[in-house]
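Q: After the structure tokens below, expect a handful of questions from me.
The values are calculated or read from the model by the stated rules, or taken from the named source; none is laboratory data. Everything numeric here is computed off the predicted structure, so don't read it as measured data. Backbone-built Cβ (ideal geometry, glycine too); neighbour counts: all protein chains shown.
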Amino acid sequence: MKVLQVAAEVYPLVKTGGLADVVAALPPALAEAGADVRLLLPGLPAILDAVQSARTVIDIGACFGALRVRLLLGRMPGSQLPVYLVDAPHLYRRGGSPYQASDGTEWPDNLQRFALLGWVAAHLAADDADPAWVPEVVHAHDWHAALACAYMADHLPTPAASVFTVHNLAFQGLFPHHDWSLLGLSSRFMSPAALEFHGQLSFMKAGLIFADKVTTVSPTYAREIAGHEFGCGLDGVIRGRGADVTGILNGIDDAVWSPADDAAIAMRYDADRLAGKRACRLALQSALGLAPDDQALILTVVSRLTSQKGLDLVLAALPALVREGVQFAIQGTGETVLETAFRMAELAHPGRVAVHIGYDENRAHRLVAGADVIAVPSRFEPCGLTQMYGLRYGTLPVVRRVGGLADTVVDADGHGSAGRQTGFVFDIATPAAFEAAVRRAAALRRDADAWEAVMRRGMSQDLSWAGAARDYLALYRRAVAARAAAPRGIEG
Ligand code: ADP
Ligand code: GLC
């Protein structure tokens, strides 16, 4: 099975969130399961610099406002998987994030930048870009790659099937209606039954409507987005796809997140050798200037600081929890109001609250290894990876029962599930509910044997990508069959 993975970011080259982790880990897991996998990425500077042995496959010439566009083929550093790059200096060779300039504003030409990515994917699928390799499945990730599904539907009969994965429905790729003509799609695609969304044009809808199969990154989020509360205005579209929308839970990359061979942490450990965990805990307290208190529960957060993540609950509960002896080790970047509030919390509680506003992978590993609990109190969470890092590192997750958090963390519910407990789960998004969950964690930690039993259970859980890779392969086969039976197009 030849599969093309299309995305805008990949760890460790370009990363704004968990999407990059998935795009780094899923392709090798698919290859391990027998698929012939290639990636297609935009030629962002960090990607162009790192990809090895890149050569030109085809000179595309001028398109989407760029004078010079080439398709390159090279190898990913590390996995050595083949990777196509869209080299369009005018559109991609610039600093900032893939989506925004350094001042936080969206790039004004994002429509052209991500239309081009999808357009090249569709041409690879149509066998007019690289005759040496034609994908049977194009797997597009998030709105950045979603237009591939519309271009493939506009150029029937492209035999390749399309699969679209929603990593976060809240980011939809909405653009002004009047930019429509830049896309080069047939006019029948600009209707409410296709890309039009309340007077704008939506890249997300291109994936949701025209992909042969749609997935999201956890079974619970797949159910949630079919409803009003989490549907971001697209729940009707999602319900319209019925059983074509499913959830496949992300894994985590054992090569990156494994306490037994993590070079970033003070001392390595695993479920049978927990001395390293205690050493990491002490090293963290010392490095962060937290009081060397063995009784204190150390709570960490490693997160984008945005309203999605529910960190206002942490801020509101923090003073009361500090009074009870909880220590906080926070790391994140994002909204100024949250950054400032966490900085102020640190000033107010010296020796109890340590805050790092910034992005630092190695430091994230030390926080996850050294803390007792990791809090992920999200308002919504398609999957969430850090709670799984916590499970892997014996750092018990305290999470809200939502999306992938609900699918990955099991609490003791008093009805016989104590033997399955891996963390602490609360329901309503209030400071009191979060605080109560943290108090339960602190209480359990006072019973060292019970605590270690829960730790070990999480640590020995299989969180690898192997199962998800098998599920995706089965889904690809269904997508190919569905495409052959009835390709998704549009009347007109
Ligand atoms: P999301 O993609 O919504 O941000 P995930 O939990 O899926 O949430 O993935 C977040 C990823 O980004 C994880 O790998 C996490 O460790 C990482 N991360 C987030 N903030 C930081 C930070 N400030 N420093 C280092 N890593 C971070
Ligand atoms: C998104 C989601 C997050 C998920 C990640 C990877 O960024 O917000 O929940 O884990 O994608 O799928």
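Q: Determine which member of the set ALA243, ALA266 is more than 13 Å from GLY404 (Cα to Cα), among the aliphatic types (A, V, I, L, M) and crowded, with 17+ Cβ neighbours inside 10 Å. Break it down stepwise before answering.
A: On the way: ALA243 fails: crowded, with 17+ Cβ neighbours inside 10 Å.
The conditions single out ALA266.
Q: Select from region 7-27 the residues that are within 16 Å of ASP471 (Cβ to Cβ) and more than 11 Å from ligand 2 (Cβ to nearest atom) and list them in ascending order. I'd like the intermediate steps shown before the answer.
A: Kept after step one, since they are within 16 Å of ASP471 (Cβ to Cβ), are these residues of region 7-27: 22, 25-27.
The one that is within 16 Å of ASP471 (Cβ to Cβ) and more than 11 Å from ligand 2 (Cβ to nearest atom): PRO27.
Q: Return the pairs, sorted by first residue and then second, in which the second residue is more than 16 Å from ligand 1 (Cβ to nearest atom) and not in a loop (DSSP other than H, G, I, E, B), the first residue lies in region 221-242 and is assigned by TED's automatic domain parsing to the domain that holds LEU405, the beta carbons are less than 7 Å apart, and the residues are 6+ apart or on different chains.
A: Pairs that qualify, where the first residue is assigned by TED's automatic domain parsing to the domain that holds LEU405 and the partner is more than 16 Å from ligand 1 (Cβ to nearest atom) and not in a loop (DSSP other than H, G, I, E, B): there are none.
Q: Contact list please: Cβ distance under 8 Å, first residue in region 278-304 and assigned by TED's automatic domain parsing to the domain that holds VAL376 and within 16 Å of ligand 2 (Cβ to nearest atom), second residue of a type in the set (D, E, K, R) and assigned to a helix (DSSP H, G or I), pairs at least six apart or on different chains.
A: Once the first residue is assigned by TED's automatic domain parsing to the domain that holds VAL376 and within 16 Å of ligand 2 (Cβ to nearest atom) and sits in region 278-304, its partners that are of a type in the set (D, E, K, R) and assigned to a helix (DSSP H, G or I) give SER303/LYS309.
Q: Still on this structure, please answer the following. Of all residues in region 171-206, how many are surrounded by 14 or more Cβ atoms within 10 Å (Cβ to Cβ) and either free of Cβ contacts under 8 Å to residues at least 12 places away in the same chain or in contact with an Asp or Glu (Cβ under 6 Å, 6 or more places away or on another chain) (or both)?
A: 3
Q: Just a yes or no: is a residue in region 467-474 modelled with pLDDT of 95 or more, within 30 Å of GLU196 (Cα to Cα) and under 22 Å from the mean Cα position of the chain (by Cα)? Working first, answer last.
A: We begin by selecting, within region 467-474, every residue modelled with pLDDT of 95 or more; these are 467-474.
So of that shortlist, the ones also within 30 Å of GLU196 (Cα to Cα) come out as 472.
From the residues that got through so far, the ones that are under 22 Å from the mean Cα position of the chain (by Cα) too are 472.
Yes, there is a match, as at least one residue in region 467-474 is modelled with pLDDT of 95 or more, within 30 Å of GLU196 (Cα to Cα) and under 22 Å from the mean Cα position of the chain (by Cα).
Q: Here is a follow-up. Within region 38-66, track down each residue that is out of contact with any Asp or Glu (no Cβ under 8 Å at 6 or more places or on another chain), β-branched (Val, Ile, Thr) and in contact (Cβ under 8 Å) with a residue 60 or more places away in the chain.
A: ILE60 - this is the single residue of region 38-66 that is out of contact with any Asp or Glu (no Cβ under 8 Å at 6 or more places or on another chain), β-branched (Val, Ile, Thr) and in contact (Cβ under 8 Å) with a residue 60 or more places away in the chain.
Q: Take residues that are within 16 Å of ligand 1 (Cβ to nearest atom) and tell me which of the helices (runs of 4 or more DSSP H) falling wholly in region 184-274 contain 2 or more. It would help to see each step written out before you state the result.
A: Details: elements: 203-210, 219-224, 235-240.
In region 184-274, 219-224 are the helices (runs of 4 or more DSSP H) which contain 2 or more residues that are within 16 Å of ligand 1 (Cβ to nearest atom).
Q: Looking at (1) in a helix (DSSP H, G or I); (2) farther than 25 Å from ALA279 by Cα; (3) free of Cβ contacts under 8 Å to residues at least 24 places away in the same chain, which is the only condition ARG440 fails?
A: For ARG440, the exception is condition (2).
Q: Being over 19 Å from ALA146 (Cβ atoms) and within 15 Å of ligand 2 (Cβ to nearest atom) is the filter here, so list the residues in region 224-249 that pass it.
A: Within region 224-249, GLU224, LEU249 qualify.
Q: Filter the strands (runs of 3 or more DSSP E) completely within region 296-412 down to those with at least 1 residues that are touching a His at 6+ places or on another chain (Cβ under 6 Å) and at pLDDT 95 or above.
A: Working: elements: 298-305, 327-334, 353-357, 373-376, 396-400.
It comes to 327-334.
Q: For ALA429, which of the numbered conditions (1) touching a strand residue (DSSP E or B) at 6+ places or on another chain (Cβ under 8 Å); (2) not assigned by TED's automatic domain parsing to the domain that holds LYS309; (3) not in a helix (DSSP H, G or I) fails to hold?
A: Failed condition: (2).
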